[in-house]
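Written below as structure tokens is the structure these notes are about.
The values are calculated or read from the model by the stated rules, or taken from the named source; none is laboratory data. Keep in mind that what you see is a predicted model, and the values were worked out from it rather than measured. Neighbour counts are summed over all protein chains in view; Cβ atoms, including those assigned to glycine, are modelled from backbone coordinates with ideal geometry.
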Amino acid sequence: MNDPIRVAVLDDYQKVARTSADWSSVEARAELTVFHDHLHDHQALVRRLARFDVICVMRERTPMTAALIAALPRLRLIASTGAANASIDTEAAAAHGVTVAHTGYASTPTIEFTWAAIVGLARDIAGEAASVRAGGWQVGLGTELRGKTLGILGLGRIGSAVASIGKAFGMHVIAWSENLQEETASALGVQRVDKQALLSRSDFLTIHTRLSERTRGLIGAAELASMKPTARLINSSRGPIVDEAALVDALIGGRIAGAAVDVFETEPLPADHAFRDLPNVLATPHIGYVTEEMYRTFYSDTVKNVLAWLDTLP
């Protein structure tokens with residue numbers, strides 16, 4: 001009897017992979033296993049995944065490194081959600097004859113979430129709600145958005161949409177990135193400024209740039225020191241763009257007023273991380289893209305990709 005094709009779905013934290021798409025066509029042709037937990041340890045991953053031919057990954061939750069790919073001799077397809085995935089070593093995959101497939105993606109969830117984070121931070125929604133749950137009542141004062149300066153680091157697809165909403169709130173919108181052109185900003189009614197002006201003028205600074213070697217640590221201790229003590233930082237892009245230790249230090253020292261952080265250097269966030277306890281942090285578990293609609297796209301397209309690969313088999 002031939003060994004069956006085995007398909008693994010990783011990091012299904014919410015236990016919704018099976019209900020977000022119809023996997024029956026895959027299960028008719030392969031063994032399907034869905035994992036709801038997350039493994040960091042390389043050897044533990046190798047032991048878990050060694051028997052699988054297909055590995056379905058959710059964004060960057062489990063990086064498919066060169067070392068991991070090399071340690072999985074049965075691996076033949078990596079089916080990733082999202083239009084791209086920088087945590088997959090595509091050169092290593094190609095060298096080992098492993099196909100990499102991607103899915104559709106929309107920016108809508110992240111754009112909407114960014115504004116939920118900004119408003120939640122400005123009005124301390126989490127803190128006020130916690131007070132009510134604890135039997136208390138009003139505990140602080142919020143701040144209005146109208147008339148404030150919204151700084152956008154990265155005026156691409158997401159940053160441009162965030163800028164438009166900021167203008168609707170009556171905010172002054174400024175932006176900077178290394179490659180931002182004056183014409184691009186002007187067409188959106190956004191003022192292009194240099195990096196120092198972005199930092200020093202922003203009341204709310206929101207990050208919408210890709211993670212790369214150039215942007216890793218782009219916001220560090222010196223940049224945070226340039227911000228207003230009343231400023232708030234929002235990061236729904238990628239954790240390593242901001243120096244976490246420097247941000248924690250700035251928040252503890254009151255050098256900025258607060259931060260909304262949805263992305264982290266290590267995910268899931270360690271249990272003892274300072275972000276879990278700091279009162280001026282709105283920390284969420286990387287849910288910027290996590291919606292029913294996006295998951296239906298992700299998992300339905302993953303099913304299609306797995307079936308297309310199965311069709312190539314003799």
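Scanning region 80-114 for residues that are in contact with a strand residue (DSSP E or B) (Cβ under 8 Å, 6 or more places away or on another chain) and closer than 17 Å to residue 156 by Cα yields a single hit, 114.
Can you spot a residue in region 244-259 that is touching a residue at least 60 places away in the same chain (Cβ under 8 Å) and of a type outside the set (Asp, Glu)? Before the answer, list the steps.
First pass over region 244-259, keeping only residues touching a residue at least 60 places away in the same chain (Cβ under 8 Å): 258-259.
Those left that are additionally of a type outside the set (Asp, Glu): 258-259.
Within region 244-259, one or more residues are touching a residue at least 60 places away in the same chain (Cβ under 8 Å) and of a type outside the set (Asp, Glu).
Scanning region 194-207 for residues that are in a loop (DSSP other than H, G, I, E, B) and small (Gly, Ala, Ser) yields one hit, 202.
Check 143, 62, 110 and return the single one that is in a helix (DSSP H, G or I) and surrounded by 14 or more Cβ atoms within 10 Å (Cβ to Cβ).
Details: 143 fails: in a helix (DSSP H, G or I); 62 fails: in a helix (DSSP H, G or I).
Of 143, 62, 110, the one residue that is in a helix (DSSP H, G or I) and surrounded by 14 or more Cβ atoms within 10 Å (Cβ to Cβ) is 110.
Here residue 34 fulfils each of the conditions (1) aliphatic (A, V, I, L, M); (2) over 15 Å from residue 5 (Cβ atoms); (3) buried (at least 19 other Cβ atoms within 10 Å of the Cβ) apart from (3).
Is region 251-262 home to any residue that is modelled with pLDDT of 95 or more, among the hydrophobic types (A, V, I, L, M, F, W, C) and in contact with an Asp or Glu (Cβ under 8 Å, 6 or more places away or on another chain)? No, region 251-262 contains no residue that is modelled with pLDDT of 95 or more, among the hydrophobic types (A, V, I, L, M, F, W, C) and in contact with an Asp or Glu (Cβ under 8 Å, 6 or more places away or on another chain).
Provide a single number: the residues in region 208-222 that are part of a helix (DSSP H, G or I) and either under 14 Å from residue 178 (Cβ atoms) or in contact (Cβ under 8 Å) with a residue 60 or more places away in the chain (or both). Of the residues in that region, 0 qualify.
Would you check if residue 103 is assigned to a helix (DSSP H, G or I) and surrounded by 19 or more Cβ atoms within 10 Å (Cβ to Cβ)?
Values: assigned to a helix (DSSP H, G or I): no; surrounded by 19 or more Cβ atoms within 10 Å (Cβ to Cβ): yes.
For residue 103, the condition - assigned to a helix (DSSP H, G or I) and surrounded by 19 or more Cβ atoms within 10 Å (Cβ to Cβ) - is not met.
Among the residues of region 59-87, the one identified as within 17 Å of residue 306 (Cα to Cα), of a type in the set (Val, Ile, Thr) and free of Cβ contacts under 8 Å to residues at least 60 places away in the same chain is 78.
Would you check which residues across region 72-100 are part of a helix (DSSP H, G or I) and farther than 20 Å from residue 61 by Cα and list them? Of everything in region 72-100, those that are part of a helix (DSSP H, G or I) and farther than 20 Å from residue 61 by Cα turn out to be 94, 95. Tallying residues that are free of Cβ contacts under 8 Å to residues at least 24 places away in the same chain and over 30 Å from residue 167 (Cα atoms) within region 103-132 yields 3.
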